Amino acid sequence: MNNNISAAGSPTTANLYSGVIVALLGVIALFWLIPEFVTGANDTSKNLTPGFMPRVAAWCMILFGVSVALAAARVMFGKEKAIVEESEENEELSYGRTEVINTLVLVILSAIYVSALSYLGFIIPSTILLVFLIYLTGYRNKFVLVLVAISVPISLELLLWHILKVPLPQFPLINF
Amino acid sequence: MIEQLIEGFAVAFTFTNLFFIVIGIAIGILFGVMPGVGGITALTLLIPVTFYMAPITAIAFLIGITKGSTSGGAIPAILLNAPGSSENVATTRDGYPLAQQGKPEKAMRMALYSSVWGDFASDVVLILLAAPFAAIALKFGPAEITAVGMLAFTLIAGLSSDTLAKGLLASALGVFLSTIGLDKAEGTQRMTFGIIDLYDGISLNALAIGLLALSAVLSQLFDSWRDPIAANIKPKPYNKAEQKITWAEFKACIPTLFRSAYIGTFVGMLPGLGVTLAAFLGYGAAKRRSKNPEEFGTGKLEGIAATEAANSAVTGANLIPTIALGIPGNIAAALLIGAFLIHGVTPGPFMMQQHGALIYGIFASMLMANAVHLVVGRAGIPIWVLSLRIPKPIILSCVIVLCVIGVYVPSSSFFEIGLMFVFAVLGYFMRKTGFSLVCLFIGFLLGPLLEHSLRQTMILYDNNIFVLFTRPVALPFMLLTLFFVWRFGFYHPAQKRKQRALEADKTK
């Protein structure tokens, strides 16, 4: 647990930023997303337009976002004691440099993987992903690593096709 | 009720149903055994598989997973001192010392028996209470349902998060996300941006798998990446002798089993309290009532019995608010609501009326699942132990591929796979910053119900929202909501307790 409650990456700092971000999202939703992208949201002839519930939710996001950010700011300025937060998921609460790098890695890898799925089908990107992840997380038995990485996607594809009759994305060249 | 239950058995006692209960329990235990993977991951991953099953088989299969994962989580807690999930943390206190004394299988057997007992006791309470609760809930109008919904949000937010505002913030975000898609009342588009995949709203599958399963697995993978040695701890071999539980030992645990089952059932009936709390309350109560409390933590069977009976008793009781009101007690119940919706059954007070045969069939399946759990769990102990030898990086990496399939199979959409990764990123952020995933997910799931009832209330009572305080049945729920807002928002017991603990630490 991150004991320095106002240090970068501590839950307090994360609360401040996430409170502000969600409140801003609420403002954007209220003044741009809902009027522009909810059909009939601005219909003044009706009491309850389709924009009613999104607006209620957006106001709640602003209200609670500001509350969370203000509470975090009060802790950071020493006006209030911090609550030592605990994770309901049994995780260490911290969003510092390491977690930001992890998030970036995740965003980049998932973007590459999803694009590769549509161009190369299911088996090739999944095999590469498995090799990459298993190796990166410290497993070094090359035989098992390659066996798992190849057999899992192929057996899943065969299983889904033969039992559920659901085709997974195919390598386009197969159709030639 | 007995007649309906017998009819339920007639519907549920089929080969297919039994087969999927066995498979569900085995999968639940296997996923529960793997630390960091857990039953929720199994549930989210396998809901799409149930698209191809009859509703009763689908729900029985998913309930089997839930039951199996609770006892499965105790196995790594006992063998590795690494609980499968937070609900098994208290099991390590006596389970691991007992394993160190050369009796791991004894500890695992006790955990299994207690788990099955806790499950059975809460299933009985569910069967007895679901129908009367639903009958009361049938008298509720839109104003009352809105008031109950608001109370549920406040309770879940207050109890799942360390600060009420964080829980409510996550819930509000969940409700906002639930409004994307076609408006059900008018059929107009809401924030779909012309994307056809969004016309039906954000996919429950993509959100659940990304937020709950994939983010958990990724978080574990990142931990293994930073600390590869910790990911490769394996159980020690043990002597098969001296693993039996004697009648005297079991008899000594009986009062604890009853007490913990009662505690777990009570906790399960209230939305948001959670399985982990039940486990710790059960353990604490057993220790307080024991003649030898100093023996707890040294490998006492009662400690294992107390924890496992209490955490398993939550499972059945959690379905009481789910079936009676359509409000899930925890994330597993929320996922089951998703499964019910997929199979065309809307959880809530009308469920008993419209799908009585199905509900009693499910109740019968739950009772059958307890017997199957005992047999499969007991016979499979060597296999569960063996599965702990599979390296964690291999399991976690394979689960990622399963997540992709879980989203792609029902939708055949790359957009939904992308959406799943977006929710995985959000889930990872929330996990690391203490925002409640339960609140967001339940907000997303209950958003449409709340919107429907709120809109009906506004139309029926000329936009007078204060009707929530004037209707006699809605008023107590609103007063309770205000009480819990004060309690969790301004007089937070956890906050006070933690501050006292912090101050005590500083003065040492």
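The values are calculated or read from the model by the stated rules, or taken from the named source; none is laboratory data. These numbers were taken from a predicted model, which means no experiment stands behind them. Cβ coordinates were reconstructed from backbone atoms using ideal geometry, including for glycine residues, and neighbour counts include every protein chain displayed.
Values as computed for the structure displayed
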| item | result |
| --- | --- |
| Filter pass, A:LEU16 being in contact (Cβ under 8 Å) with a residue 60 or more places away in the chain and among the aliphatic types (A, V, I, L, M) | yes |
| Which numbered condition B:LYS291 misses (of (1) more than 30 Å from B:LEU207 (Cα to Cα); (2) buried (at least 24 other Cβ atoms within 10 Å of the Cβ); (3) without any contact (Cβ under 8 Å) to a residue 24 or more places away in the chain) | (2) |
| Residue check, A:PRO35 more than 9 Å from chain B (Cβ to nearest Cβ) and over 21 Å from the mean Cα position of the chain (by Cα) | yes |
| Segment A:46-60 residues that are within 7 Å of chain B (Cβ to nearest Cβ) and at pLDDT below 90, paired with ones that are surrounded by 24 or more Cβ atoms within 10 Å (Cβ to Cβ) and assigned to a loop (DSSP other than H, G, I, E, B) (beta carbon under 9 Å, 6 or more apart) | A:PRO50/B:THR179 |
| Among (1) within 15 Å of B:ASP200 (Cα to Cα); (2) within 9 Å of chain A (Cβ to nearest Cβ); (3) not hydrophobic (A, V, I, L, M, F, W, C) - the single one B:GLY418 does not satisfy | (1) |
| Residue check for B:ALA121: away from every other protein chain (no Cβ under 14 Å) and closer than 21 Å to B:ALA252 by Cα | yes |
| Per-region count, segment A:117-176, residues closer than 21 Å to B:ASP227 by Cα, at pLDDT 85 or above and surrounded by 17 or more Cβ atoms within 10 Å (Cβ to Cβ) | 6 |
| Answer residue from segment B:136-192, given it is in contact with a Pro (Cβ under 8 Å, 6 or more places away or on another chain) and among the acidic types (Asp, Glu) and is surrounded by the most Cβ atoms within 10 Å (Cβ to Cβ) among those | B:ASP183 |
| Residues satisfying the stated conditions in segment B:341-362, i.e. part of a helix (DSSP H, G or I), surrounded by fewer than 24 Cβ atoms within 10 Å (Cβ to Cβ) and in contact (Cβ under 8 Å) with a residue 12 or more places away in the chain | B:LEU341, B:ILE342, B:PHE350, B:MET351, B:MET352, B:GLN353, B:GLY356, B:ALA357, B:LEU358 |
| Counted residues, segment B:373-388 - those being farther than 19 Å from B:VAL116 by Cα and outside any helix (DSSP H, G or I) | 1 |
| Top-ranked residue in segment B:381-395 [being at the interface with another protein chain (Cβ under 7 Å from one of its Cβ atoms) and in contact (Cβ under 8 Å) with a residue 40 or more places away in the chain; ranked as nearest to B:PHE444 (Cα to Cα)] | B:PRO393 |
| Residue count, segment B:112-147 (criterion: within 30 Å of B:ASN463 (Cβ to Cβ) and in contact with a Gly (Cβ under 9 Å, 6 or more places away or on another chain)) | 2 |
| Restricting segment A:123-159 to residues that are within 7 Å of chain B (Cβ to nearest Cβ) and hydroxyl-bearing (Ser, Thr, Tyr), the residue that is nearest to B:ILE400 (Cα to Cα) | A:SER126 |
| Output for segment B:453-485, where each listed residue is within 11 Å of chain A (Cβ to nearest Cβ), closer than 28 Å to B:SER161 by Cβ and surrounded by fewer than 17 Cβ atoms within 10 Å (Cβ to Cβ) | B:ILE465 |
